[in-house]
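The values are calculated or read from the model by the stated rules, or taken from the named source; none is laboratory data. Computed from a prediction, not measured in an experiment: that's the story for all the values here. To get the accessible areas, we keep the full protein, side chains included, count just its heavy atoms, and leave off ligands, DNA and RNA. Shrake-Rupley method; radii C 1.70, N 1.55, O 1.52, S 1.80 Å.
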Amino acid sequence: TGLLTIATTTTATTCTVKYTSNGCVVTKVITLNPNAVITGTATSVCTGATVTYTATPAGGTWSTNNPLIATVTNGVVTGVAAGTATITYTANGCSTSKTITVNVTPVISGNSSVCKGSTLQLSVQSGITGTWAMNAPVTGVGISTTGLLTVATTTTATTCTVKYTSNG
């Protein structure tokens, strides 16, 4: 039937196929290429951020099915807008793909200063869920699960860094 089955190959190699009919012989050289493989565990990225994939065999090309969601250059994927994109690597006619989800990067809103003994309500865009925390513990300063920053009158802190980690 002419079906050529390749179990596995890690490097490009060739084989010669021969067909005989009524005493006539014809041959064809077939190149057996290894499968393209993307290495990298990231399945999501935030808008404006990057993740890096590598791939084998070397010398292939990268592409995305949706550059409005994620772009890719030499394996570096950049989140553009919320959604899902398929990143594809093609080498020697063999392709493989990874799906990546792009999440909106949260933006913290609220004043940048607060007086001792006061509170400050911080927030992020509507529809984003996540967790509030301090980058490092600060004596006399705390943040609630709702983004309420409380500053005790006894604190000696002059600055603190608050972070919000989105669930996406």
Requested in this report: Name the residue, out of Thr71, Thr13, Thr27, whose mean-square fluctuation peaks in a Gaussian network model built on the chain with Cα pairs under 10 Å.
Outcome: Thr27
Query raised in the report: Straight-line reach from Lys28: which lysines have a Cα under 21 Å away, not including same-chain ones fewer than 8 places off?
Result: Lys18
Query raised in the report: Rg to Rh for the chain: what is it, with Cα atoms only and Rh by Kirkwood?
Result: 1.32
Report task. Would you kindly derive the ³J(HN,Hα) couplings of segment 124-140 from the backbone phi angles with the Karplus curve 6.51 cos²θ - 1.76 cosθ + 1.60 (θ = phi - 60°), listing them in order in whole Hz, with x for Gly and Pro? Result -> 10, 4, 4, x, 9, 10, x, 10, 8, 7, 9, 4, 8, x, 10, 4, x
Query - Percent of Cα-Cα distances greater than 20 Å, calculated over segment 84-166 - result: 48 percent
Report summary line: Length-normalised contact order of segment 35-82, Cα under 8 Å, at least 6 apart, in percent, tallies to 38 percent
Query raised in the report: When the accessible area of the chain is split by element with a 1.4 Å probe, what percent falls to carbon and sulfur?
Result: 53 percent
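Stretch Thr159-Lys116 to full length: gain in nm at 0.36 nm per residue minus the Cα-Cα span? Mind showing how you got there, number by number?
Details: separation 43, 0.36 × 43 = 15.48 nm, distance 1.14 nm.
Value of the extension gain: 14.3 nm.
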